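Notes to accompany the following structure.
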Amino acid sequence: MVMVDTSVWIDYFNGQHNVYTDYLDALLAEDFVVTGDIILAEILQGFREDTHFEKAKEALDNLKCFPLTNKKLAIQSAMNFRILRKKGKTVRKTTGILIGTFCIENQISLLFNDRDFDPMVEHLGLIPAILKS
């Protein structure tokens, strides 16, 4: 099971080919992809055209979708943010720390192309779906 971050979905829906979108293609063929409610909202809000929105919504509707936060995870996310900040690493977006913390707590690997997750891999145990060289 692999959760796919918005950063990869954006490239995927824009038709970009890179190591992340190619891996996403392979994962989709094997039915290993999951998403989260926050990721789903981020992806879908980016579509300007109704037809593109509907097509993406239909495709994403087939994926298992986790609720990514609750009180416990919100507190753990804040703690993780503070741990990273004390190490001189600042995650730019609250959604990033919520997504990363959910994956850490549930031992779900994350496919991402966003530098905000790198310190979570290095310092918090986030499992990347693809190791960066």
Worksheet, complete the sentence: With R₀ set to 30 angstrom, the calculated FRET efficiency between the beta-carbons of HIS17 and ASN106, to the nearest 0.05, is 0.50
Worksheet item: Sorting LEU73, LEU131, LEU126 on the 10 Å Cβ count, fewest up front, what's the list?
Response: LEU131, LEU73, LEU126
Worksheet, complete the sentence: Debye calc, one equal point scatterer per Cα of region 2-124, no solvent, log10 I(q)/I(0) at q = 0.14, 0.20, 0.21, 0.22 1/Å comes to -0.60, -1.15, -1.24, -1.32
Practice prompt. Work out, step by step, the length gained on full extension between ARG82 and LYS64: first 0.36 nm times the residue separation, then minus their alpha carbon distance; give nm to one decimal.
Written response: 3.5 nm
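Values quoted throughout were computed directly from the atomic coordinates according to the rules given, and no laboratory measurement underlies them. No experiment lies behind these values; they were computed from the predicted model shown. Quick reminder, even Gly has a Cβ in these numbers, built from the backbone with ideal geometry, and neighbours come from all protein chains shown.
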